[in-house]
Amino acid sequence: MSSAPELWSKLASAGLTAGDMPEIGEAHTPWYVRVMLGIAGLIAAGFLLGFVGIGFAFVMQSRNASLAVGLMVIAAAYAVFRAAPRSDFTSMFALAVSFAGQALVAFGVFGFFARHLTGGLPFAVIAVFQAVLAVVMPNFIHRAASAYAAGLAFAYACDASGAHFVAAGVVAAAVAAAWLNEARLGKLHAVVTPIGYGLTLSFMQIEGSAFFIHSLAMMFRPRFVPGAWPWAGEAFVAAALIVSVWVLLKRAGWPLFAPRTLLALIAVLAVGAASFKAPGIAGGLMIALLGFSNGNRVLVGLGIAALLFYVSGYYYLLDATLLVKSGVLMATGAVLLAARWLVLNVVMPGSKEQVDA
Amino acid sequence: MSDRHSILAWSGQGAITDVQAALDVAGVLPAARDWRVFLDRLLLWSGAVALAAAVVFFIAHNWNDLGRFAKFGLVGLLLIVAVIGYWRLGVDRAAGKASLLVASILLGALLALFGQTYQTGADTWELFANWAVLMAPWVIVGRFAGLWMLWVAVANAAIVLYFQVFPGFFGIVFSTERQLWTLFAFNTAVLLGWELAGRRVSWLDERWAPRLLAIASGATVTLLMIQTIFDWRETSATALIAYPVWVACAYGAYRVLMRDLFVLAGGCLSAIVVVTAFLARHLLNGRAEAGGFLFIAMVVIAMAAASGWWLKQVAREERA
């Protein structure tokens, strides 16, 4: 890591800068401080909701009032974010107020769709609403939280509509699109990066909860028939992984029909195929690869954590016996180690010291 | 601020003409050699963990079509192959470390198979305790953080399971408290040992492991404090002393002696949760009034904002 003036001078000499070096603004906030502030915001929002529920009970009892007050409160939070973007107290206040407002909007939306709660429509409305907030609200934590909520609401909407297989694939594609285009959309970095994190977290949860929701459904509904094409969800995730790898190879200047490119894609295809029966492997690998390609260690850590979570969570999946799952994991492990051998010896051959270093 | 964050921040202000090229010039993006090393590690560790998990799942299935000698032979053979792999590859190579990790997991599978086959009558906590004891020599010679953390996880599982079997003389309520105290004492002792040894031993100088231990230590003492706040008649109230001491020690260790913003942020969150629990217990218990909710919300917001501000100051000092 170099100092800001040194870095600027390096970039300027490469002809990559425009104008003078901008003033060094607010220091970058580490991710764990943002997580701490986000959790505190949720706690505060819970008590604000309690305040509204007791002090203004009529708001919670009427879907119109709930929706109207929720929207007004979110608009007020937006104004506070805009008016004092660098004030810690006002930003925290606006965050908590907006979270509480979103809960009120959700009450209102569910009130309007009370007769159709089993369908996917209310969740679809909430997904669209949260997606708009993720773009509009000028605060990193808010954007990440809204993108996360949008991803989850979209997954619930798909689940409730019987299209279980769509959510994981679509969110995986959105995650890949966000991180692959982070540099290209550099001017919109303040919007794209938090949305990328929020979508990644929702994707990890969607892939993880697929184990438990499907298993619970099988436990409580003996005649449970998995939605159409239950394998299609993982196929879409595997496709997102393959496309991501292809884009990264293209970016590195590897021609599509060169033997090493094809071998690399075949290795990725084999890993993707293995994760048809062990959900999450392709998704976890995709997050780790995208993180590494962007020089983003937090994202690499999320991908590795996701892989560990999926392998341990796989134990509880009721779709298959432990014997079958053991065979699937054995095949997956063999494929991963074979892919490693292929990378080290055929696709990217190098000296032995490079690997051991 | 890292180079990556600086470039992205400048690009947001329109000062960078080609962000991808700028990240490349600054050395933020990985070169072909970095990719090779990363893929080697990623595929090696994920493959090794998948294979070890496959054996554990296989033993857990308790397949009757395969005789006990065949099962013992299979797990024993794989264990020997993993140990030979470690011996041949050596402790300094990633593949050697992965072999030792697989061997350690297979040791647990072998113990589980023994208990499953001979119905020894041993409790589950004994399986994990024996596993931790038998694995310890490998952990010591292995010299890598991941294996130590596996050992810590196995030991934590043994403690949790022990208190499920022996709830103690005072019954279930004190059992939870004793379990939390034991977990707190164990994880804090390991954390302390790690931080002291990490200054002298290079392979222990990885921040992710002590941070996980700090989460385990901090979460248990915070739970003990919350338990004391809500059920002070039912608890020993030792947390009233232990919690402030823990906060003071964490501040001293991670603000004065060394800087670790991660642990400080966790400490701030713990303090916010404890103060919120205290206020909720005394302001809302039996008389839920709107003013009480609003007051607590404002206190949480103020504490979080102050924590955020303070942590940014500490981060700024780090960079200066």
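The values are calculated or read from the model by the stated rules, or taken from the named source; none is laboratory data. These numbers come from a predicted model, not from an experiment. Neighbour counts are summed over all protein chains in view; Cβ atoms, including those assigned to glycine, are modelled from backbone coordinates with ideal geometry.
Quickly run through the range B:21-33 and pick out the residues that are within 7 Å of chain A (Cβ to nearest Cβ) and in contact with a helix residue (DSSP H, G or I) (Cβ under 8 Å, 6 or more places away or on another chain).
Within the range B:21-33, B:ALA22, B:LEU23, B:VAL25, B:ALA26, B:VAL28, B:LEU29, B:PRO30, B:ARG33 meet the criteria.
Could you figure out which of (1) farther than 23 Å from A:TYR314 by Cβ; (2) at pLDDT below 90; (3) not charged (D, E, K, R) isn't true of B:VAL81?
(2)
Please give the number of the condition B:LEU212 fails out of (1) loosely packed, with under 14 Cβ neighbours inside 10 Å; (2) out of contact with any Asp or Glu (no Cβ under 8 Å at 6 or more places or on another chain).
B:LEU212 satisfies every listed condition except (1).
Return a yes/no flag: does the range A:30-53 have any residue that is in contact (Cβ under 8 Å) with a residue 12 or more places away in the chain and in contact with a Lys or Arg (Cβ under 8 Å, 6 or more places away or on another chain).
Scanning the range A:30-53, I find no residue that is in contact (Cβ under 8 Å) with a residue 12 or more places away in the chain and in contact with a Lys or Arg (Cβ under 8 Å, 6 or more places away or on another chain), so the answer is no.
Grab the helices (runs of 4 or more DSSP H) fully contained in the range A:245-357, keeping just those with 1 or more residues being more than 9 Å from chain B (Cβ to nearest Cβ) and crowded, with 23+ Cβ neighbours inside 10 Å. Quick ask: steps written out before the conclusion?
On the way: elements: A:259-274, A:281-293, A:297-313, A:322-342, A:352-356.
Once the helices (runs of 4 or more DSSP H) in the range A:245-357 are filtered for at least 1 residues that are more than 9 Å from chain B (Cβ to nearest Cβ) and crowded, with 23+ Cβ neighbours inside 10 Å, what remains is A:259-274, A:281-293, A:297-313.
Considering only the range B:251-273, state which residues are surrounded by 21 or more Cβ atoms within 10 Å (Cβ to Cβ) and away from chain A (no Cβ under 13 Å).
Those that are surrounded by 21 or more Cβ atoms within 10 Å (Cβ to Cβ) and away from chain A (no Cβ under 13 Å): none in the range B:251-273.
Taking the options B:ILE59, B:ILE7, B:ILE105, name whichever one is crowded, with 21+ Cβ neighbours inside 10 Å, within 30 Å of A:ALA190 (Cβ to Cβ) and not aromatic (Phe, Trp, Tyr). Step through it out loud before you land on a result.
Working: B:ILE59 fails: within 30 Å of A:ALA190 (Cβ to Cβ); B:ILE105 fails: within 30 Å of A:ALA190 (Cβ to Cβ).
From the options B:ILE59, B:ILE7, B:ILE105, the qualifying one is B:ILE7.
As an exercise: evaluate A:GLU23 against (1) facing another protein chain (nearest Cβ under 7 Å); (2) not aliphatic (A, V, I, L, M); (3) not in a helix (DSSP H, G or I) and give the number of the one condition it does not meet.
Only one criterion in (1) facing another protein chain (nearest Cβ under 7 Å); (2) not aliphatic (A, V, I, L, M); (3) not in a helix (DSSP H, G or I) is unmet by A:GLU23, namely (1).
Looking at this structure, is B:LEU51 surrounded by 20 or more Cβ atoms within 10 Å (Cβ to Cβ), part of a helix (DSSP H, G or I), at the interface with chain A (Cβ under 7 Å from one of its Cβ atoms) and free of Cβ contacts under 8 Å to residues at least 24 places away in the same chain? Write out each step before concluding.
Details: surrounded by 20 or more Cβ atoms within 10 Å (Cβ to Cβ): yes; part of a helix (DSSP H, G or I): yes; at the interface with chain A (Cβ under 7 Å from one of its Cβ atoms): yes; free of Cβ contacts under 8 Å to residues at least 24 places away in the same chain: no.
The answer is no for B:LEU51.
Show the residue pairs meeting these rules: Cβ distance below 7 Å; 6+ apart or different chains; first residue within the range B:253-264 and on the phi < 0 side of the Ramachandran plot and part of a helix (DSSP H, G or I); second residue surrounded by fewer than 20 Cβ atoms within 10 Å (Cβ to Cβ) and among the hydroxyl-bearing types (Ser, Thr, Tyr).
Matching pairs, first to second residue: B:PHE262/A:TYR32.
Being over 25 Å from A:LYS187 (Cβ atoms) and either in contact (Cβ under 8 Å) with a residue 60 or more places away in the chain or aromatic (Phe, Trp, Tyr) (or both) is the requirement here; does A:PHE140 meet it? Steps first, answer last, please.
Details: over 25 Å from A:LYS187 (Cβ atoms): no; either in contact (Cβ under 8 Å) with a residue 60 or more places away in the chain or aromatic (Phe, Trp, Tyr) (or both): yes.
In short, no.
Within the range B:308-320, work out how many residues are within 7 Å of chain A (Cβ to nearest Cβ) and touching a helix residue (DSSP H, G or I) at 6+ places or on another chain (Cβ under 8 Å).
Of the range B:308-320, the ones within 7 Å of chain A (Cβ to nearest Cβ) are B:308-309, B:311-312, B:315-316.
Pick out the ones that are also touching a helix residue (DSSP H, G or I) at 6+ places or on another chain (Cβ under 8 Å) and you get B:308-309, B:311-312, B:315.
Of the residues in that region, 5 qualify.
Counting just the residues of the range A:198-207 that are under 8 Å from the mean Cα position of the chain (by Cα) and without any contact (Cβ under 8 Å) to a residue 60 or more places away in the chain, which one comes out nearest to the other protein chains (Cβ to nearest Cβ)?
The selected residue is A:LEU199.
From (1) within 13 Å of chain B (Cβ to nearest Cβ); (2) surrounded by 21 or more Cβ atoms within 10 Å (Cβ to Cβ), pick out the condition that doesn't hold for A:ILE39.
Only one criterion in (1) within 13 Å of chain B (Cβ to nearest Cβ); (2) surrounded by 21 or more Cβ atoms within 10 Å (Cβ to Cβ) is unmet by A:ILE39, namely (2).
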